[in-house]
Amino acid sequence: MKLLIAVAFILISCHIANAQDEIQLVEFTNDNNPDGSYKFSYEQSDGQKREESGVLKPVEGAETPALSVTGSYEYADANGQRYRVEYTADERGFRPTVTKL
């Protein structure tokens with residue numbers, strides 16, 4: 001599932017990039033491990049960045065482990081103001097923090 005989410009996000013990013021002025025992928029890493037953990041990151045020529053990592057962790061009272069994800073992304077709004085969003089997503093939900101850069 002996590003691979004599907006990553007692929008979907010990349011496809012959406014590529015579609016958006018085609019609609020703009022030839023934004024290039026500057027850097028991309030992707031590591032998937034047998035234990036279910038993963039890490040990926042990318043940076044685009046327009047300054048957008050994203051990085052994320054996930055691990056399976058035991059949850060009290062549950063039979064199966066839960067995916068715990070941490071990550072961040074940076075982007076600029078229509079006025080050129082840059083933002084960084086850092087987030088955690090796990091059995092307690094999605095918790096983002098937004099910072100103006």
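The values are calculated or read from the model by the stated rules, or taken from the named source; none is laboratory data. The shown structure was predicted, so the numbers you read here are calculated from the model rather than taken from an experiment. Counting neighbours? That spans all protein chains shown, and the Cβs are built from the backbone with ideal geometry, glycine included.
Restricting attention to segment 33-64, which residues are surrounded by 15 or more Cβ atoms within 10 Å (Cβ to Cβ), of a type in the set (S, T, N, Q) and outside any loop (DSSP other than H, G, I, E, B)?
S41, Q44
Which residues, counting only those in segment 65-95, are polar (S, T, N, Q), outside any strand (DSSP E or B) and surrounded by 11 or more Cβ atoms within 10 Å (Cβ to Cβ)? Explain how you work it out, then say what you get.
Kept after step one, since they are polar (S, T, N, Q), are these residues of segment 65-95: 68, 70, 72, 79, 81, 88.
Cutting the leftovers down to outside any strand (DSSP E or B) gives us 79, 81.
Within segment 65-95, none qualify.
If the Cβ limit is 9 Å and pairs must be 6+ apart or interchain, which residue in segment 77-101 that is at pLDDT 90 or above pairs with which residue that is assigned to a loop (DSSP other than H, G, I, E, B) and polar (S, T, N, Q)?
Partner pairs satisfying both residue conditions: K100/Q81; L101/Q81.
Could you check segment 53-76 and list, in sequence order, the residues that are of a type in the set (D, E, K, R) and in contact (Cβ under 8 Å) with a residue 24 or more places away in the chain? Write out each step before concluding.
The first filter runs over segment 53-76 and keeps only residues of a type in the set (D, E, K, R), leaving 57, 60, 63, 74.
Selection gives K57, E74.
Would you check if V98 is over 19 Å from I10 (Cβ atoms) and assigned to a loop (DSSP other than H, G, I, E, B)? It would help to see each step written out before you state the result.
On the way: over 19 Å from I10 (Cβ atoms): yes; assigned to a loop (DSSP other than H, G, I, E, B): no.
So V98 does not fit the description; no.
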